[in-house]
1. In whole angstrom, and with the biggest value first, how far do the Cα coordinates of the range 202-265 range along each principal axis?
2. Work out how much length residue 176 to residue 81 would gain on full extension: take 0.36 nm times their residue separation and subtract the Cα-Cα distance, in nm to one decimal.
3. Any chance you could look up the accessible area of residue 218 with a 1.4 Å probe, heavy atoms only, rounded to 10 Å²?
4. What number do you get for the range 264-315 when its Cα radius of gyration is normalised by 2.2 N^0.38 Å, N = residues?
5. With a point put 7 Å past each Cα toward its Cβ, work out how far residue 218 is from residue 100 in nm, to one decimal.
6. Ignoring ligands, DNA and RNA, how do 279, 198 rank by accessible area with a 1.4 Å probe, largest first?
7. For the chain, what does the accessible surface come to per residue with a 1.4 Å probe? Please give it in Å².
8. I need the Kirkwood Rh of the range 70-208: take the reciprocal of the average 1/r across all distinct C-alpha pairs and report it in angstrom.
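The values are calculated or read from the model by the stated rules, or taken from the named source; none is laboratory data. No experiment lies behind these values; they were computed from the predicted model shown. Don't worry about glycine lacking a Cβ; one is built from the backbone with ideal geometry, like all the others, and counts go over all protein chains shown. The protein model used for the area step is the full one, side chains on, heavy atoms only, and it has no ligands, DNA or RNA in it. Shrake-Rupley method; radii C 1.70, N 1.55, O 1.52, S 1.80 Å.
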Amino acid sequence: MTETRAKRALITGITGQDGSYLAELLLSKGYEVHGLIRRASTFNTARIDHLYTDPHVAGTRLFLHYGDLSDGSRLATLLDSVKPDEVYNLAAQSHVRVSFDEPEYTGNSTGLGSIRLLEAIRMVGLDCRYYQASSSEMFGATPPPQNEETPFYPRSPYGAAKVYSYWVTRNYREGYGMFAVNGILFNHESPRRGETFVTRKITRAVARIKAGQQSELFMGNLDAVRDWGYAPEYVEAMWRMLQHDEPTDYVVATGTDYTVRDFLQFSFEHAGLDWEKYVRFDERYLRPTEVDALVGDAGKAERLLGWVPTVKTPELARLMVDADIEALDAAGRPWIDTVTVGPWAPAPQI
Ligand code: NAP
Ligand code: GDD
């Protein structure tokens, strides 16, 4: 009897918000998961430490490898040794405001990084399915609702780099017959969201203000409209895209529209606070060109993948505030693993 081996996935950006949830999802489905991590002088794996086991232990299914999207030859050697069935390209300099400060670096990692990976797959001769983390930022100034047919009008070096990655992904699909798909994901958040994105910046501040550790919160444009969903649900959509019969591109969104001001209100209210007493304006958080409104139409993902989001922005704000309050509390009890504190993981045994 022939034994079938577990499916093997490679995730770039495994140390990020989405990478950590995707690694959890794939491990729960029996995959062998390989992650690309950057060498740093300090540990940068906090979001996945709870998944990690010593590779010397029998049955280990998560493996981490050093590499960087700026290093094409490394991508080729890694792909050649791992031979994944599925590649999820989530790595990027993903902060829009930072992309105005570091436009060249953003172009190199967020844009050229994708073609290095695609070209490495082609050079190695790997038969795998490829997921590209495309973004609603590509729509930029084109008004909502946005779907797969909406024209791109990027408003930042980040958005422009993502448009480049989108097109090379399609080009490798059309030109070389690769199973390569773009997931055009609208903003998605969680308690693992990077601390400088607006939702997490707000929910962390709420926890700190509530605890008497902070008295003001400096913000930029409160009028921006976003379609904020819940990250664990969005990584499920990524996986479904690679299981579909045909490679095609999908918008992933909740279809709801809220302003940054709304998110402030939901978050502060949940902690029994009045946001207007604490929020101040600081122009440093404005962008040279803003994306005013992103609201997605995910009808195609629902029709072809059966994907339907359940967590909407008000609930998302509440669960993020709860997690930040709990994490702050746990910080005073350092034996608790704060990354896994939250509704998606068992409560720590103390
Ligand atoms: P994130 O938390 O910022 O994670 C980014 C990941 O990329 C981290 O693991 C980071 O490693 C890694 N990375 C950055 N530069 C790299 C490089 N040069 N080489 C290798 N790895 C590198 O982002 P996220 O929110 O999880 O988003 C995942 C992907 O989806 C990104 O491509 C993002 O642009 C895209 N996206 C996100 C959203 C959203 O709302 N979250 C929406 C649409 C698209 P370190 O940990 O070492 O920094
Ligand atoms: N970060 C931040 N900090 N944003 C602020 C602030 C602030 O103090 N004040 C207002 N904002 C506004 C921004 O101007 C923007 O309009 C909105 O809040 C959301 O900002 P971010 O949370 O930084 O996210 P983003 O929409 O620019 O980009 C995120 O979503 C994209 C998908 O649409 C990132 O995750 C990108 O990687 C992703 O592609």
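1. 53, 24, 15
2. 32.0 nm
3. Taking all protein chains as shown, residue 218 has close to 80 Å².
4. Numbers: Rg = 16.9 Å, N = 52, 2.2 N^0.38 = 9.9 Å.
Normalised Rg, Cα atoms only: 1.71.
5. 1.5 nm
6. The residues order as 198, 279, largest area first.
7. Computed with neighbouring chains in place, this is 46 Å² per residue.
8. Numbers: mean 1/r = 0.0623 Å⁻¹.
About 16.1 Å, per the Kirkwood formula over Cα pairs.
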